[in-house]
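No lab work stands behind these numbers, since they all come straight from the coordinates. Quick caveat, the model's predicted, so the values are computed rather than measured. Note that each Cβ is placed from the backbone with ideal geometry, even for glycine, and that neighbours are counted across all protein chains shown.
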Amino acid sequence: MSTLEVRQATTADIDDVSLTLALGFADDPVWGSWAFVDVPDRAERVRRQTAFWRPFVAAAVGYGGMMIAPECSAVALWVPPGVDEVDSENEAVAAEVMAEVLGPRAGLVEAGFEAFGASKPPGEYWYLSLLATHPDHRGHGLGMALVGHHLARLDAEGVPTYLESTNPVNIARYQRAGYSLLGAFDLPDGPAVDTMWRDARTPD
């Protein structure tokens with residue numbers, strides 16, 4: 001996967017990227033089972049999640065942090081140091097969308113976002129906010145190849161990175177990429193989320 005073609009998403013990709021995120025997180029312990037617990041129908045959950053993720057994708061496209069593999073088979077949202085993950089315009093849109101697609105759980109999920117924010121360590125680092133692979137392309141290492149593509153750049157620049165793992169099955173994958181467990185935090189009425197850190201590696 002070292003030859004994976006990676007590019008920054010553009011506005012033309014927003015809908016496809018949002019769908020890949022929705023499909024990738026439909027069964028996630030946090031963004032699926034916890035956030036959308038009141039939406040048992042998977043197809044409806046994917047529809048709502050596609051709308052849910054769209055403001056985050058639109059914001060990331062604006063600051064150049066949305067990296068994608070061909071056909072949006074895998075997508076990664078990277079937030080640069082000193083940049084807000086969602087700008088004020090898309091934050092307002094996100095609040096409206098959350099109320100629409102989450103209903104009574106919108107307040108609880110908003111409190112969850114606050115827990116994510118409070119867990120972030122101080123300092124300068126790139127933040128891997130979201131990583132998803134389209135179900136049709138799973139099992140080929142695309143997601144971690146996409147991560148590795150950006151890590152190579154950050155290693156060359158000597159910049160560390162941080163992420164949260166909302167699914168325990170992914171921890172080993174991130175550890176193989178050089179991440180170490182940093183800590184964990186609990187979501188309101190929800191599961192624990194693991195935090196992970198990776199120091200930049202000196203290129204050989």
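Under the condition of being within 15 Å of the chain's Cα centre (by Cα) and in a loop (DSSP other than H, G, I, E, B), the residues counted in the stretch 36-68 number 2.
Quickly run through the stretch 103-155 and pick out the residues that are in a loop (DSSP other than H, G, I, E, B) and buried (at least 17 other Cβ atoms within 10 Å of the Cβ). Selection gives Tyr125, His134. In the stretch 156-179, the residue that is surrounded by the most Cβ atoms within 10 Å (Cβ to Cβ) out of those that are of a type in the set (Gly, Ala, Ser) and touching a strand residue (DSSP E or B) at 6+ places or on another chain (Cβ under 6 Å) is Ser165. Close contacts from the stretch 7-24, counting a first residue that is part of a helix (DSSP H, G or I) and a second that is hydroxyl-bearing (Ser, Thr, Tyr), with Cβ to Cβ under 8 Å and a gap of 6+ residues or different chains, come to Asp15/Thr50; Ser18/Thr50; Leu19/Thr50; Thr20/Ser73; Thr20/Thr133; Leu21/Thr50; Ala22/Thr50; Gly24/Thr133.
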